[in-house]
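K.L.:
Got a structure here, written out as structure tokens. Questions coming.
The values are calculated or read from the model by the stated rules, or taken from the named source; none is laboratory data. The structure presented is a predicted model; accordingly, all values stated were derived computationally and were not measured. Backbone-built Cβ (ideal geometry, glycine too); neighbour counts: all protein chains shown.
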Amino acid sequence: MSGLDLVIRGGTVVDGTGAEGYIADVGIAGGKIAEIGKISPNGARVIEAEGHIVTPGFIDGHTHMDAQMHWDHLGTNSVWHGVSTVVMGNCGFSIAPMRKGKQALVARSLERAEDISGAAMAAGIDFSWESYDQYLDVVDKLPKGINHAAYVGHSALRTFVMGERAFEEEASEDDLAAMTAELTRGLDAGAMGFSTSRSLAHLTSDDRPVASRLASRGEVAALVGSMKGRKGAVFELAHEILLPGNLEGDAYWNWLADLAVSSGVATTYGVLGRFAVSQIEYIDKVTAAGGRMFGQTHSRGVSSLFSFRTAFLFDKQGAWQAFRQQPLEVQKAQLADPAVRGVLIDAVDNANYGTISGAEGKPPQWDEFYYFDKPMPPYRSLAELAAERGKAHPLEVLFDLAIETDMSALFMQYLTRASDEETVRVMRHPSSVMTFSDSGAHVSQIADSSIQTHLLAYFVREKQLLSLPEAIHLMTGRAADHWGFAGRGRLEEGYAADVNIIDPATVGPRMPEVAYDLPTGARRFSQRADGIMATLVGGEVLTENGVHTGALPGQLLRRQD
Ligand SMILES: [Zn+2]
């Protein structure tokens, strides 16, 4: 065949369906896969991929790239881990619709609950839209490395219609009618669906529940119900933290099951940690009753990272407050003083944390508070290190490690955790997608944009608990099926040429680093990967060995009825 733009030659094609890999050339023309087999390039550009696997680009359905995409056109950190398509606007936190001059109402949910600098958003986003369809037109025109799809977020929708009342009241019938109309407008323009948060962990920067949490279940049901019959529309939610097995919990889970069945709308949420297995069983029951539901899993367990260069949960406790306001060099010098250490240790031992938001962490338990000294487990706890070093208090070890590393040492706590066997069981289930990165959010609290490379390095190569084709399928074909991305997620003739070329022997996350590269110099974790030779989006080479080629081929993916 002639007229090819590019040929990826001699790699092992792992096509995203879960099927075994096979050696073949992949020919690309006009942004699509044109041919797979033995190909003579006839003048087309050739990438030699011998010894590498050639896979579809990864699809990440749980991100918060809404703010970041306005200043980071490449789509880091996700792109460094092979992600070529993201869904944003999760958990109710889209930045549209929005009233002119009222962007603070929308931004303050993202600022605290998702840890995105308010100053960075004010400086880095040109809030030039009001309605959701106007917003999608802006997203469409923004230069993009990777593909984006977006939900209409409930908190934004509420503040658009109700203003300040969104943080205080239930919606009136008029409010609900106006919200439904705006959601309809968004869906007509190609929004992926509707997202909300009912999570007690989601607070605004002024310590109030995010707007969606004021909604009654009836309001949520009405908005989801209004999507009935919309092809591929998805309802995403962050849960009320209610466990089944008691009256209140059962009522909540039955309500959600009934909503999924009666609306017919695909319903999705995080299936994480020690409740993941029972959640998957619940999803099976809803599926059997005729509903569509799928879980979002995580290849590692959501984990908070802490350091003196970012934050600790105890930064606001007693003596820590004044201590942490000093320049880092001063903090480092003072940490050598036993008297200062004593005061800081005392404050942590007597801490009162109040309500903790998002991924800020949880009260330290030293045998589960780890020194994060390498990108993959196992890790050693501060309790263990303190015993080994003969220290009276685990914080003494934390202070020592901080000084030894010029205040760069990272520490980690799991927010959700399951055994490797449970994690694999849940990831394998056909009603789940390995996707819960939260990329673009919690930017100085977690570094989960690397869950894709972690899956390949840890579960496939090191533990051998998943085969390579199976792992690739979770992040490609299966994700595309659940989110309804037709023509993506597989290497097949006619499919979009979103492609990764990966060295399976070396692929894996590198250590996260603190970077100050947000608008106004605000900080975040930056995390790269090894072993990804190239990532292509729409047939164009976007990155080569982690370096941006300059191409910006990403598209807005509009859902179509
Ligand atoms: Zn989220």
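K.L.:
Which of the residues spanning segment 174-198 are among the small types (G, A, S), surrounded by 24 or more Cβ atoms within 10 Å (Cβ to Cβ) and not in a loop (DSSP other than H, G, I, E, B)?
P.N.:
Within segment 174-198, G186, G193, S195, S197 qualify.
K.L.:
Then there's this: Within segment 231-250, track down each residue that is out of contact with any strand residue (DSSP E or B) (no Cβ under 8 Å at 6 or more places or on another chain) and of a type in the set (V, I, T).
P.N.:
If the condition is that a residue be out of contact with any strand residue (DSSP E or B) (no Cβ under 8 Å at 6 or more places or on another chain) and of a type in the set (V, I, T), then I241 is the only one that fits.
K.L.:
Which of the numbered conditions does S128 fail, given that it passes all the others? Conditions: (1) hydroxyl-bearing (S, T, Y); (2) more than 24 Å from R523 (Cα to Cα); (3) crowded, with 18+ Cβ neighbours inside 10 Å.
P.N.:
All conditions pass for S128, except number (3).
K.L.:
When segment 131-176 is examined, which residues are found to be under 14 Å from T196 (Cβ atoms) and among the basic types (K, R)?
P.N.:
Listed by number, the list holds a single entry, R158.
K.L.:
Hey, which of the strands (runs of 3 or more DSSP E) in segment 21-136, taking only ones fully inside, have at least 3 residues that are within 18 Å of the chain's Cα centre (by Cα) and among the aliphatic types (A, V, I, L, M)?
P.N.:
It comes to 83-88.
K.L.:
What are the pairs, 6+ residues apart or on separate chains, where a residue within segment 56-67 that is closer than 25 Å to Y495 by Cα has its Cβ under 9 Å from a residue that is assigned to a strand (DSSP E or B) and of a type in the set (D, E)?
P.N.:
Sorted first by the residue in segment 56-67, then by its partner, the pairs are G61/E236; H62/E236.
K.L.:
Take the residues in segment 107-118 that are crowded, with 24+ Cβ neighbours inside 10 Å and within 15 Å of S197 (Cα to Cα), then tell me which one is nearest to the ligand (Cβ to nearest atom).
P.N.:
Filtering first and then ranking leaves E114.
K.L.:
Residues being assigned to a loop (DSSP other than H, G, I, E, B) and more than 25 Å from I451 (Cβ to Cβ): count how many of those fall in segment 349-358.
P.N.:
Qualifying residue count for the region: 6.
K.L.:
Inside segment 201-229, can you point out the residues that are surrounded by fewer than 20 Cβ atoms within 10 Å (Cβ to Cβ) and assigned to a loop (DSSP other than H, G, I, E, B)?
P.N.:
Matches in segment 201-229: A201, S205, D206, D207, R208, S216, K228, G229.
K.L.:
So, one more: Identify, by number, the condition in (1) out of contact with any helix residue (DSSP H, G or I) (no Cβ under 9 Å at 6 or more places or on another chain); (2) part of a loop (DSSP other than H, G, I, E, B) that G232 doesn't meet.
P.N.:
So G232 meets the others, but not (1).
K.L.:
Any residue that is in contact with a Leu (Cβ under 7 Å, 6 or more places away or on another chain), assigned to a helix (DSSP H, G or I) and among the aromatic types (F, W, Y) - is there at least one of those in segment 255-262?
P.N.:
No: segment 255-262 contains no residue that is in contact with a Leu (Cβ under 7 Å, 6 or more places away or on another chain), assigned to a helix (DSSP H, G or I) and among the aromatic types (F, W, Y).
K.L.:
Moving on. Exactly one of (1) modelled with pLDDT of 95 or more; (2) surrounded by 14 or more Cβ atoms within 10 Å (Cβ to Cβ); (3) small (G, A, S) is unmet by A322. Its number?
P.N.:
A322 satisfies every listed condition except (2).
K.L.:
Now a separate question. Could you grab me the full set of residues in segment 79-101 that are without any contact (Cβ under 8 Å) to a residue 60 or more places away in the chain and of a type in the set (K, R)? Give the steps one after another, and end with the answer.
P.N.:
First pass over segment 79-101, keeping only residues without any contact (Cβ under 8 Å) to a residue 60 or more places away in the chain: 100-101.
K100, the sole residue that qualifies.
K.L.:
Taking the condition touching a His at 6+ places or on another chain (Cβ under 9 Å) and either within 16 Å of the ligand (Cβ to nearest atom) or not assigned by TED's automatic domain parsing to the domain that holds V139 (or both), does G11 pass?
P.N.:
Yes: the conditions hold for G11.
K.L.:
Looking at Q445, Q464, which one is without any contact (Cβ under 8 Å) to a residue 12 or more places away in the chain and closer than 30 Å to F411 by Cα?
P.N.:
Values: Q445 fails: without any contact (Cβ under 8 Å) to a residue 12 or more places away in the chain.
Just a single option satisfies the conditions, and that option is Q464.
K.L.:
Which one of these does I53 not meet: (1) at pLDDT below 95; (2) away from the ligand (no atom under 16 Å from the Cβ); (3) of a type in the set (A, V, I, L, M, F, W, C); (4) surrounded by 20 or more Cβ atoms within 10 Å (Cβ to Cβ)?
P.N.:
(1)
K.L.:
For segment 285-320, how many residues meet the condition of being in contact (Cβ under 8 Å) with a residue 60 or more places away in the chain, of a type in the set (K, R) and closer than 30 Å to M427 by Cα?
P.N.:
1
K.L.:
To continue, here is another question. Among the residues of segment 321-348, which ones are assigned to a helix (DSSP H, G or I) and touching a residue at least 40 places away in the same chain (Cβ under 8 Å)?
P.N.:
Hits for segment 321-348 are L328, Q331, K332, R341, L344, I345, V348.
K.L.:
Does segment 99-106 contain any residue that is in the same structural domain as A233 (by TED's automatic domain parsing) and within 16 Å of the ligand (Cβ to nearest atom)?
P.N.:
yes
K.L.:
Please work out which residue is surrounded by the fewest Cβ atoms within 10 Å (Cβ to Cβ), limiting yourself to segment 359-398 and to residues that are of a type in the set (D, E, K, R) and either at pLDDT below 95 or part of a loop (DSSP other than H, G, I, E, B) (or both).
P.N.:
Here the residue is K374.
K.L.:
Would a scan of segment 58-73 turn up a residue that is of a type in the set (G, A, S) and within 16 Å of the ligand (Cβ to nearest atom)?
P.N.:
Of all residues in segment 58-73, those of a type in the set (G, A, S) come to 61, 67.
From what's left, within 16 Å of the ligand (Cβ to nearest atom): 61, 67.
Within segment 58-73, one or more residues are of a type in the set (G, A, S) and within 16 Å of the ligand (Cβ to nearest atom).
K.L.:
Quick one: is R217 closer than 20 Å to S262 by Cβ, away from the ligand (no atom under 16 Å from the Cβ) and out of contact with any Asp or Glu (no Cβ under 6 Å at 6 or more places or on another chain)?
P.N.:
Judged against the criteria, R217 is a match.
K.L.:
Is at least one residue of segment 160-169 in contact with a Gly (Cβ under 7 Å, 6 or more places away or on another chain) and of a type outside the set (S, T, Y)?
P.N.:
Let us first name the residues in segment 160-169 that are in contact with a Gly (Cβ under 7 Å, 6 or more places away or on another chain), namely none.
Checking segment 160-169: not a single residue is in contact with a Gly (Cβ under 7 Å, 6 or more places away or on another chain) and of a type outside the set (S, T, Y).
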